[in-house]
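Structure, as structure tokens:
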Amino acid sequence: MAVIPTLKLGGMEKAMPVIGMGTASFPMADLETTKAAVLEAIKAGYRHFDTAFAYGSEAALGQAVAEALRLGLIESRSDLFITTKLWASFTDPSQVVPACKMSLQNLKVEYVDMYLIHWPVRLTEMVRKTPVPIEIVKPLDIKGAWEGMEECVKLGLTKGIGVSNFSCKNLDHLLSTAKILPALNQVEMNPYWQQKKLREFCKEKGVHVTAYSPLGANNTKWGDDRILGNEVLADIAKAMGKTTAQVALRWVYEQGVSIASKSFNKERMLQNLQIFDWCLSDQHLEKISQLPQAKGVTLASILGPHPLVLEIDADL
Ligand code: A2P
């Protein structure tokens with residue numbers, strides 16, 4: 001079984017495995033498919049799982065964890081690092097603790113290891129269809145929502161708290177009011193969206209960065225093949241005797257960033273763990289640093305092109 005390096009996050013006892021398995025699928029996989037994929041991942045050595053209320057995968061992940069315990073694949077719940085996220089419809093300060101409890105109920109666990117604010121936006125209603133009506137899209141009350149997140153820590157519902165899709169400006173605002181500092185910011189990052197400015201800012205402030213869509217989220221509504229179909233990365237892969245996916249994941253890892261990468265395929269999930277015993281050359285790193293940059297995931301593609309949503313997308 002692959003040995004996965006871990007890292008210590010600010011204010012947290014348990015170390016986080018640097019690669020976690022993402023559980024967002026498109027179209028959304030059924031419960032049994034997701035559950036089987038998670039069980040396969042546990043067998044392959046994954047100990048870090050990334051879910052969200054919005055992915056609809058919390059229940060499947062929870063059932064897989066229960067099954068893994070029953071089968072003796074893990075000894076206890078504490079062998080796993082589980083991250084889930086607060087959906088935008090529950091960011092009113094009064095809703096944060098109940099939303100976290102709802103996620104725990106879905107997951108059938110007593111606590112999560114990491115709870116993240118999913119997007120820097122508030123929706124005044126549940127999303128029934130997309131694009132959402134413009135009148136339900138509101139600015140996020142960062143201070144109030146974060147106080148709710150801090151309450152989740154105090155109640156023992158989560159060990160750590162952080163954010164996702166936060167810009168430098170949002171983080172700055174958060175850091176000026178937070179009593180518990182955000183442990184991490186999970187953002188889109190890959191060779192085509194390298195996030196240099198945000199990463200430098202996070203480093204300066206002591207906020208760890210986790211990359212989602214490290215492979216460009218190929219075959220989803222929000223991704224494409226700009227990573228897996230890229231010739232520069234493919235040439236490097238060929239020269240190294242690796243796959244393009246491994247080159248992209250290794251590049252992310254070499255930037256000091258942890259990874260949430262999705263594969264529900266047994267061979268590919270194993271392949272994605274084989275990135276820790278080799279490294280990219282300076283020449284390869286130089287080539288990757290010259291790739292054209294383009295943000296792939298936008299909030300507008302999820303909620304619709306409303307002015308506030310476009311503002312959030314433009315705030316990098
Ligand atoms: P699959 O689940 O069939 O393996 P990201 O991690 O950027 O969100 O990308 C996820 C997408 O990349 C999924 O479509 C996943 O498909 C695919 N994928 C994951 N690992 C690999 C790999 N090693 N080679 C090719 N495609 C991969």
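Details
- Just one residue in the set L155, L140 is closer than 22 Å to M16 by Cβ and out of contact with any Leu (no Cβ under 7 Å at 6 or more places or on another chain); that residue is L155.
- Of all the listed residues (V207, V232, V187), the sole one being in contact with a helix residue (DSSP H, G or I) (Cβ under 6 Å, 6 or more places away or on another chain), away from the ligand (no atom under 12 Å from the Cβ) and of a type in the set (V, I, T) is V232.
- Criterion (at pLDDT below 95, within 18 Å of the chain's Cα centre (by Cα), buried (at least 20 other Cβ atoms within 10 Å of the Cβ) and not charged (D, E, K, R)) met by exactly one of A217, A245: A217
- Selection of segment 16-35 for residues being of a type outside the set (S, T, Y) and in contact (Cβ under 8 Å) with a residue 60 or more places away in the chain yields M16, P17, V18, I19, G20, M21, G22, A24, F26, A29.
- Residue within segment 278-285 that is under 18 Å from the mean Cα position of the chain (by Cα) and modelled with pLDDT of 95 or more present: no
- Among the residues examined, M269 does not qualify as more than 10 Å from the ligand (Cβ to nearest atom), buried (at least 16 other Cβ atoms within 10 Å of the Cβ) and more than 27 Å from C168 (Cβ to Cβ).
- Scanning segment 63-81 turns up no residue that is touching a Ser or Thr at 6+ places or on another chain (Cβ under 6 Å) and either free of Cβ contacts under 8 Å to residues at least 40 places away in the same chain or surrounded by 20 or more Cβ atoms within 10 Å (Cβ to Cβ) (or both).
- Condition broken by W251, with the remaining ones in (1) more than 25 Å from K43 (Cβ to Cβ); (2) near the ligand (Cβ under 10 Å from one of its atoms); (3) among the aromatic types (F, W, Y) satisfied: (2)
- Qualifying residue in segment 248-255 (condition: assigned to a loop (DSSP other than H, G, I, E, B) and under 30 Å from P133 (Cβ atoms)): no
- Scanning segment 225-234 finds one or more residues that are of a type in the set (G, A, S) and surrounded by fewer than 21 Cβ atoms within 10 Å (Cβ to Cβ).
- Criterion violated by P131 - all others in (1) surrounded by 14 or more Cβ atoms within 10 Å (Cβ to Cβ); (2) part of a helix (DSSP H, G or I) satisfied: (2)
The values are calculated or read from the model by the stated rules, or taken from the named source; none is laboratory data. Keep in mind that what you see is a predicted model, and the values were worked out from it rather than measured. Cβ coordinates were reconstructed from backbone atoms using ideal geometry, including for glycine residues, and neighbour counts include every protein chain displayed.
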